[in-house]
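FYI, it's all coordinate maths here, none of it is from the lab. Here the structure is a predicted model, which is why all the values come from computation and not from measurement. All Cβ positions, glycine included, derive from the backbone under ideal geometry; neighbour counts span all protein chains shown.
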Amino acid sequence: MSITLDTSSVLEVLRPVQDPEIRQSLVDLNMIRNVKISEVGKVSFTLVLTTPACPLREFIVEDCTKAVRQLPGVQDVSVEVTAETPQQKNTLPDVRGIDGVKNIVAISSGKGGVGKSTVAVNVAVALAQVGAKVGLIDADIYGPNAPTMLGLESAQVMVRESSQGEVLEPAFNHGVKLVSMGFLIDKDQPVIWRGPMLNGVIRQFLYQAQWGELDYLIVDMPPGTGDAQLTLTQAVPMAGAVIVTTPQNVALLDSRKGLKMFQQLGVPVLGIVENMSYFIPPDRPDKQYDIFGSGGGAKTSQELQVPLLGCVPLEIALREGGDRGSPIVVANPDSASAQALVAIAQQIAAKVSVAALSS
């Protein structure tokens, strides 16, 4: 039986092609749209991915192209790629989401000094670089560093009155909207607060900021398992949490506690990021030194049965970029640490999409 080159035959030949993460047919997921066929045998269609940061984008396009080329009469295949990030479903009746915000992801750690803020800032910027709409909450009220790392140290969050009360206008740089306690206090002013006051300001950052439409709201958490973590998980539906650690044992021991806390609170743990995995000296880029040990993140992820999202090397340029407000994914995108952080951002986005479409 001869096959007619039409929309139905194109969709039929694409039906076996699956999204590698979700493992369902692209056609069944409505990810193939706007199929057009010219008189000279050119087939064009739109591939709608579940995140602009899809790590397997090129592979999916290649699989689609190969499938369509099997049809008789096809002379050329053109694929336009766009993305529609799915919104996390809220299954908690007593928890309300944030209008316009699709997915909230916490970047957390068991202890301080492991580079959690560096990971949070670079993940946010990496997602924005591929076209996602991204916001960042610096929830480390006692030690807010995100303004410095995003080049917004001298910026201010505007507070204005509206019909709903006070509204915060986030600062903006590198494609990321940011609110932070650092905008509301003097540079050297300590925050000496008990839990209820911290709870109030985090809720203000969540609900009173003018976030607009966001695909991802990244929350840079303070270290530990205290008031800020409880406030966040009880205030809004969470797409997931990422645990940042270094390879050394003391960091890994604390990271396990942080990971277990999120699991006990019903928040999906998207995976572990091992930061400072090894040191790359700038004068010997072919060398690497395991200053803080090695393999700890991989071992912990296996033991706790959560993914290892990636390992970020320790480079001087990574620290320098954070200090001067130019994240490494912007300042030196070809560096090993930038490439690792971009890959981690892609993994986070992919897992958030899978969870949203599977729930």
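Grab the DSSP H runs of the chain that are 4 residues or longer, score each as -39,500 (n - 2.57), total them, divide by all residues and round the 222 nm result to the nearest 500 deg cm²/dmol.
Dividing the helical sum by the residues of the chain leaves -10000 deg cm²/dmol.
With labels modelled as points extended 7 Å from the Cα through the Cβ direction, what inter-label distance (nm, one decimal) is found for LYS299 paired with GLN210?
Result: 5.1 nm between the two label points.
Using a Cα-Cα cut-off of under 19 Å, which lysines could be cross-linked to LYS299, ignoring same-chain neighbours fewer than 8 residues away?
Filter leaves LYS111, LYS257, LYS260.
Out of these labelled values of Cα extents along the principal axes in Å, (1) 49, 47, 38; (2) 70, 54, 38; (3) 77, 59, 38, which was calculated from the coordinates shown here?
Answer label, from the structure shown: (3).
Among DSSP beta bridges lying fully in the chain, give the percent that are antiparallel, nearest 5.
About 25 percent, rounded to the nearest 5.
Is the shape of segment 7-83 best called rounded, prolate or oblate, per the rule: a/c under 1.5 gives rounded, else a/b larger than b/c gives prolate, else oblate, with a ≥ b ≥ c the square roots of the Cα gyration tensor eigenvalues?
prolate
Provide the net charge surrounding CYS64, with neighbours chosen by a C-beta distance below 15 Å and charges set as Lys +1, Arg +1, Asp -1, Glu -1.
For residues surrounding CYS64, the net value is -1.
Of GLY266, ALA317, PRO282, which is farthest towards the positive pole of the chain's charge dipole, taken about the Cα centre with +1 and -1 on the beta-carbons of Lys, Arg and Asp, Glu respectively?
The residue sitting farthest along the positive end of the dipole is GLY266.
Consider a paramagnetic label point 7 Å from the Cα of ALA343 along Cα→Cβ; state which residues of segment 98-128 have an amide N under 18 Å from it.
Zone members listed by number: 119-120, 122-124, 126-127.
If r is the Cβ-Cβ distance from ASP76 to ARG23 and R0 is 25 Å, what FRET efficiency results, to the nearest 0.05?
Result of the calculation: an efficiency of 0.30.
Report, for segment 7-83, the % of DSSP beta bridges that are antiparallel, rounded to 5.
That works out to approximately 40 percent antiparallel.
So how do LYS42, LYS111, LYS187, LYS116 line up by other beta-carbon neighbours within 10 Å, fewest first?
Least to most surrounded, the residues fall as LYS187, LYS42, LYS111, LYS116.
For segment 104-358, what's the relative contact order in percent, using C-alpha pairs closer than 8 Å and at least 6 residues apart?
25
Take the alpha-carbon centre of segment 7-26, take the same for segment 37-114, and report the distance between them in whole Å.
Taking the Cα centre of each part, segment 7-26 and segment 37-114 sit 13 Å apart.
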